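What follows is a single structure, written as structure tokens, with notes after it.
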Amino acid sequence: MNYADFMAAMRHRWKLVLGCLMATLLVIAVWTFFSPRIYASSATLLFDSLASEAEGGAGAAPPMAMASVLGTQADIIRSALVASQVVRNLELEQSPAVIARWTDATGGRGDINSWLVNSLLTNLTVVPTRNTNVMAVQYQASDPEFAALVTNGFADAFVKTQLRLRTEPAKVYSDWFQDRTRDVRARYEETQARLTRFQQEKGLIGGEKLDVELSHLAELSNQLAAAEGAAADARARAAGGGAMSPEVQSAPGVVGVRAAVVAKAAEVQQLETTLGPNHPQLITARAALGVLNSELNQAVAAATRSLQVASSAAQLREAELRERLAAQRQQVLKLSGVQDQLAVLQRDVDAAKLAYDNVTQQLNGARLKSEIPQTNVSILDRAGVPFYPVSPNVALRLILGLLLGLGIGIGLAALLEWLSPRVRSSAGLRDSVGLSTLVDLDEHRRSRNQQARGAAA
């Protein structure tokens, strides 16, 4: 059958094609009319990537990481944990209608909560929006109000679950860090007490005693140097000529007596020139001169002894300072060893304090996380009651009915034409008998009609 015969057959059997089309549309209409209405309600959730990373201090998450986060959050929404929370929040297990549906579906066997969780998850759809931080949560049900109620229930339950997933581990960490803080604090107090006892036993106040002892050692060293110089000078004066040494002759006691001796000697010499040798006045003057010479000798001896005493005292002072310097050196060496032990104890105290500060800081952070009622997800749009069902799709079914009706009608017409073939064109006649046609009456008739219309015009 060529194209012309096919089109001619369709024109001839147009009532059959139209009847099939109308019958198919009628069946589609009846099917659509009796199909249950399914309503879909949607809510959108917004995930704040900056808030999720603020605690870690890493800034906004990269797109690939955020996509992974959204995928994880979608799995959490579809989890039995969130669905169970929805059942508890909405008290679905106590609804008579839900109990009746459960009884019809299971015959009253099994757990109604598990059945509700599976039923809710079956009709739940979670779709992350591409290249955004927004996620759509959709639930389908035959009751539009129930669909909106369950959708909002999933959104609220997810936010609460997200908060619980954040705060409960933080509370556990807080309790652990609190116990750890007590242990670290006890160690810190123990090391501090050990350091204090050591300082008290060694007579140390802070860390300044070694500096004081070193300063005292330097002072003794300077005093010894000065004492050595003074002792050397005293020895030089004591050994510088005895009674005729300049130090003895210039002594105050010697100078005064020597002046008196010189004056008395001059007086005796003058009296010897004027008086006789046995004159009482001359004898008295000579006796006084002898007394003065005796006093001069005593003064010289006293000055000499004074130099020797000063030399001995300087030597004793030098020896004493040497002993004190040696003892001070031993004390400094001893304190150096004590200072090393003190430094070790101080390092232990510093390490314990640092550990205590770190644990305290982590404890405060964990406690803060466990007490902040905030997550990185918020409900952007709550679900509303839908007005139009998403199923059945009337427009789609009409299109399918048209295509199916036309297909059935055309197929049935073609089948009848094949079972009872007819010649409906000159081309079909040529194909059937294998002979050429002399004239096509239909074409001749159409040509005459066209000529008649042209003449009338």
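Laboratory data are not the source of any read-out in this text; all were calculated from the coordinates shown. What you are looking at is a predicted structure, and each value in this text was computed from that prediction instead of being measured. Cβ placement follows ideal geometry from the backbone for every residue including glycine, while neighbour counts extend to all protein chains displayed.
Rank the residues W176, W418 as a footprinting-exposure proxy: fewest other Cβ atoms within 10 Å of their Cβ go first. Mind showing how you got there, number by number?
Details: W176 13, W418 10.
Ascending number of Cβ neighbours within 10 Å: W418, W176.
Sort 115-122, 133-140 for me by packing, meaning the mean count of neighbouring Cβ atoms within 10 Å per residue, highest on top.
Details: 115-122: 17.2, 133-140: 21.0.
Highest mean packing first, the order is 133-140, 115-122.
Give me F387, F198 sorted ascending by neighbouring Cβ count inside 10 Å, so fewest comes first. Could the numbers behind the result be given before it?
On the way: F387 7, F198 16.
So the ranking, lowest neighbour count to highest, is F387, F198.
How much FRET efficiency would the formula 1/(1 + (r/R0)^6) give for L396 and A23, where r is the Cβ-Cβ distance and R0 is 25 Å, rounded to 0.05? If you can, show how the numbers build up before the last one.
Details: r = 19 Å, r/R0 = 0.77.
With R0 = 25 Å, the Cβ-Cβ based efficiency is 0.80.
Report the full-extension gain for the segment Y388 to L46: residue separation times 0.36 nm, less the Cα-Cα distance, to one decimal in nm. Working shown, then result.
Details: separation 342, 0.36 × 342 = 123.12 nm, distance 2.59 nm.
Contour length minus the Cα-Cα distance gives 120.5 nm.
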